[in-house]
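Just below is one structure, and these are the notes that go with it.
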Amino acid sequence: MVDEESYEALEAGLPEETPDTVTLDMLRHSAAHLMASAVVRLFPGAQYDVGPSIEDGFFYNFRLPEGAHFSEDDLARIEEEMKRLAKEKLPYTREVLDREAAKSLFTELHQPFKVDIIDRLPADVAQVTVYRTGEFVDLCRGPHVPDSSWLSAVKLLRVAGVYWRGDEKNEQLQRIYGTAWQTPEELDAYLTRIEEAKKRDHRKLGAELDLFSISEEVGGGLVLWHPKGGVVRQAIEDYWRETHRAAGYDLVYTPHIADRHLWETSGHVSYYAENMFGPMQVEDRLYQLKPMSCPFHIMIYKSHIRSYRELPLRFAELASVYRYERSGVLHGLLRVRGITQDDAHIFCTEDQIDSEIGKCIDFARSMLAAFGFTSLRVYLSTRSESKSAGTEEEWKRAEASLAAQLKEHGLDYVISPGEGAFYGPKIDVMLVDALGREWQCSTIQFDYLNPQRFALDYVAQDGSMKKPVMVHRALLGSIERFMGCLIEHYAGAFPLWLAPVQCRIALVQDDLPEVSTEAGKLVQSLREAGIRVDLDDRPGERMQARIRDAELEKIPYVLTVGKRDVERGDGTYTIRNTRTGTQVSMPVHEFATALAKEIAERALEAGIK
């Protein structure tokens, strides 16, 4: 995500490279200007801040006069004005102005945010560029569409509150989000995806399915896992532990706090302080909630002398870490302050590093595939000039190693310049969900720095002391975020092995003792087969209502039992697959065997159609 200051730099700069065709980015940037033009017409005295194109759309930040605020109802008015302006075929006209002339222009227009941007430009910047769209003018690099008639597929989406320049200490502005596409058909398809995403919102489904909650009384960004959510989480963690042990990892446990000196040595205090909670004083020492587990795993490595024969050492932990996320960015399970990170650190020799990175890539792909994610996008994040430690030579060597392994494993990747961690470059593996959205999960990070800072060594084969290389690695990213992703990907209808309740026994007649007795026996036998089962014996409820409720609760299978089933006495019952709406009759022992097989194989599709 680009920060507000980066948007300001894009607005004020001079260079313009006009593409041969109208790109979506150009179209959306032009739509942002058209929206701002409509706003200043409809709301005299409105002041505008930055207004860039973003992924899937655009936004503009505004301050309305006399404490007025946009409402959702205003969006329709603004949109209608945009359509009227589009019909006028207003040209997007570029001008180059001297710095002082631009400042005078925006002063006369009573646009203090623009004056502020100009004032904060470097002293050697003598000129800026502006674009005019009818009566509207703004600082901008461009490029734009030739005229407003190109904007025939635009939709305003929502109003949100934001802090000026992204700083919570500043005043709050209002941001209007919108989207723009090349054709009305593309816009309609996008809006359909948006509606589907709303239905899949993990916060909505998390409450409806009783999986988790977040309470302001507890604190923002701190998750309370309910029993059903706890079942899903345990299934994820059990699989994680099983596969890590099989892959040669040693599972470790570390504290939630440590002496602040540890984070000073690791570099977190210097490079990551804005994401850490403040220190706490205990007796005469400062302690720090851990934002990451790497220093702890380093100290386990350092607990005794290591030999080259022990390497590679792979320490893994489902670690509770705490990060100070600003309240404005907290979002359900996706942005939290209390995080369960599936953290691992590998200590190896220089000769082993390529092999270990390759194994991490394969492990990430197999782990995500087990949960149904086979479509992935990969990014290689390189050194940040302003926020990195270590030598340029080490960074280049590490970046080359990561790139070589991605190529060897047949993975196309995109370079993310300057997005590396402060201690080294990284690979980010983004999974793609059922709606085509990217989710940040797996990360593989190179680190020469911390072995030096913590004076790590191992005894080499020739008896000399050498420094290990360190790899930081997460596969799911965090249990919280991954759970949010799973909920939205499956719309709450988890595969059987993850479903909180895998089967429901539903009574056809709840007033017959023999039916209730039979249902109780079925519950017991299925539980003994390792199946998570419950019983719907609510008095007076109709059969169709019981099935409907099971479907709403996303329970994969419903077994119905009534008087005829008891009288028949052959152990055969009707089984309904709530995903497909189909049903079959089968002996209960065959049903139990089929479910147990589906669970054991961690199948992603229903075994009983």
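Laid out as a table, the results:
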item: Karplus 3J(HN,Hα) series, Hz, for the stretch 314-320 with 6.51 cos²θ - 1.76 cosθ + 1.60 (x for Gly, Pro); result: 10, 9, 10, 7, 8, 9, 7
item: Mean shadow area of the stretch 526-609, taken as a quarter of the surface of its Cα convex hull (nm²); result: 5.7 nm²
item: Extreme residue, positive dipole direction of the chain, given options S464, P451, F212 (C-beta unit charges); result: F212
item: Rotationally averaged projected area of the stretch 225-337 (alpha carbon convex hull; nm²); result: 9.8 nm²
item: Additional length obtainable on full extension of the chain from E551 to L535, 0.36 nm per residue less Cα span; result: 4.3 nm
item: Inter-site label distance for Y324 and D362 at 7 Å from Cα along Cβ, in nm; result: 4.3 nm
item: Carbon and sulfur %, accessible surface of the chain computed with the full protein complex present, 1.4 Å; result: 50 percent
item: Contour excess over end-to-end distance, with Cα ends at A370 and M586 and 0.36 nm allotted per residue; result: 74.9 nm
item: Mean-position separation - Cα centroids, the stretch 207-276 and the stretch 302-324, in angstrom; result: 17 Å
item: Principal axes of the stretch 478-521: Cα extent on each, largest first, Å; result: 47, 16, 14
item: Expected-Rg normalisation [2.2 N^0.38 Å, Cα atoms] applied to the stretch 400-502; result: 1.46
item: Accessible area of V162 in the full protein assembly, 1.4 Å probe (Å², nearest 10); result: 20 Å²
item: Average accessible area per residue (Å²) across the stretch 454-609 - probe 1.4 Å, nucleic acids and ligands excluded; result: 44 Å²
item: Area accessible to solvent at Y177, 1.4 Å probe radius, in Å²; result: 40 Å²
item: Out-of-range pairs (alpha-carbon distance over 19 Å; input K290/K426; K169/K290; K83/K155; K89/K114; K359/K396; K302/K467); result: K290/K426; K169/K290; K89/K114; K359/K396
item: Gyration tensor (Cα) of the stretch 471-594, equivalent ellipsoid semi-axes in angstrom; result: 32, 15, 12
item: Cα pair distances of the stretch 243-294 binned at 10 Å [whole percent]; result: 23, 43, 21, 13, 1
item: With 5 Å bins from 0: P(r) over the stretch 82-213, alpha-carbon pairs, percent; result: 2, 8, 11, 14, 15, 16, 13, 8, 6, 4, 2, 1, 0
item: Solvent exposure, largest accessible area first (probe 1.4 Å, DNA, RNA and ligands not counted), of T23, T129; result: T23, T129
item: List R365, R203, ordered by accessible area with a 1.4 Å probe, largest first; result: R203, R365
item: Label zone at V459 (point 7 Å along Cα-to-Cβ), backbone N below 19 Å, the stretch 322-356; result: 348-350
item: Nonlocal amide H pairs with L173, under 5 Å, H built at 1.01 Å; result: V162, Y163, W164
item: Solvent exposure, largest accessible area first (probe 1.4 Å, DNA, RNA and ligands not counted), of Y92, Y379; result: Y379, Y92
item: Stretch gain in nm, segment E438-L24, where the contour uses 0.36 nm per residue and the Cα spacing is subtracted; result: 147.2 nm
item: Between the stretch 549-569 and the stretch 487-535, the alpha-carbon center distance in angstrom; result: 8 Å
item: Over the chain, relative contact order from alpha-carbon pairs under 8 Å, at least 6 apart, %; result: 10 percent
item: Equivalent ellipsoid dimensions for the chain as semi-axes, Å, which come from the Cα gyration tensor, largest first; result: 48, 38, 22
item: Area of E242 that stays accessible when all protein chains are in place (1.4 Å probe, Å², to 10); result: 100 Å²
item: Among 117-125, 41-49, the order from most to least packed when residues are scored by Cβ within 10 Å on average; result: 41-49, 117-125
item: ³J(HN,Hα), Karplus 6.51/-1.76/1.60, whole Hz, each residue of the stretch 120-130, x for Gly, Pro; result: 8, 5, x, 4, 7, 7, 9, 10, 9, 10, 10
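The values are calculated or read from the model by the stated rules, or taken from the named source; none is laboratory data. Just so we're clear, the structure is a prediction, and the values are computed from it rather than from any experiment. Cβ atoms come from the backbone with ideal geometry, glycine included; neighbour counts cover every protein chain shown. For accessibility, only protein heavy atoms count, side chains too; no ligands or nucleic acids. Shrake-Rupley method; radii C 1.70, N 1.55, O 1.52, S 1.80 Å.
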